[in-house]
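See structure below.
What follows draws every value from the coordinates through simple rules; no lab data is involved. As the structure is a computational prediction, the values presented were derived from the model and not from experiment. Cβ placement follows ideal geometry from the backbone for every residue including glycine, while neighbour counts extend to all protein chains displayed.
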Amino acid sequence: MNITLHNTGRRFNQEWIFRSIDYSLSSANKYAVLGPNGSGKSTLIKVLLGQLTPSEGRVEYIHENGEIHVDDIYQYVAIAAPYIELIEEFSLQELVDFHFKFKGFLPGFDRKQVIEFLKMEKFTNKQIKYFSSGMKQRVKLVLACCGDSPILFLDEPTSNMDAEGERWYLDLIEKTYSKDRMLIIGSNQEKEYDFCDYQINILDYKS
């Protein structure tokens, strides 16, 4: 899988968030999208996801069978981010079952192993709305990372997590990353991305 940005830019009203990005991303590599809060990291991720249309240029997705239309890229991606909402009326077990109806499990995982990895066996029947913010963040991460998607986006992955949660996050990445996946992390905290192969600094693409 390859994603190529061709002179890509995005603006809101008259302000350019970023522009003139020419860059290629490929499977088996880990990328960090860097920049201070409010600089446009999440906007770039949403453009890469196909959730936002570029204001200039284009984004090209190439799989082994040829080019993928932007409207179909959702089938190949998974994301965890603070702005992604969970269905809070579901119990943990119901949420896991519902999520993986639409996205297959990563090889080596099933519902039981996902819940065990979360270390939440005691909370399988508890509604998500009663989870702490740190627990919800773990759930978001494990749903994204344990799905069988070739492109994985993690935006501010350790948001709301304590030191133990941060160690758990690094273990999750180690257990679920493979040479067949592309990993893209939006962050301004080195501990979240210091294992990445490449860095894309959003400030380099300000007009």
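List every residue whose amide H lies under 5 Å from the amide H of residue 195, counting only residues 5 or more places away in sequence or on a different chain, with H placed 1.01 Å from N in the peptide plane.
Here nothing satisfies the definition.
Do you know the relative contact order of the chain, to the nearest whole percent, from alpha carbon pairs under 8 angstrom that are 6+ apart?
Averaging sequence separation for qualifying contacts and normalising by length gives 33 percent for the chain.
May I ask for the longest run of the chain untouched by trypsin sites (Lys or Arg not before Pro) that are loop-located per DSSP and have at most 12 neighbouring C-beta atoms (other than their own) within 10 Å?
1-118
Please enumerate, by chain and number, the aspartates and glutamates with C-alpha under 19 Å from the C-alpha of residue 179, excluding those fewer than 8 residues away in the same chain.
The reachable aspartates and glutamates, counting only those whose Cα sits under 19 Å from residue 179, are 64, 148, 171, 194, 197.
Going by a ≥ b ≥ c, the root eigenvalues of the Cα gyration tensor, does segment 1-107 fall in the rounded group (a/c under 1.5), the prolate group (a/b larger than b/c) or the oblate group?
Note, shape of segment 1-107 comes out oblate.
Sort out the exposed loop GluC sites (Glu not before Pro) in the chain (DSSP loop, at most 13 other Cβ within 10 Å) and tell me the longest stretch that has none.
90-207
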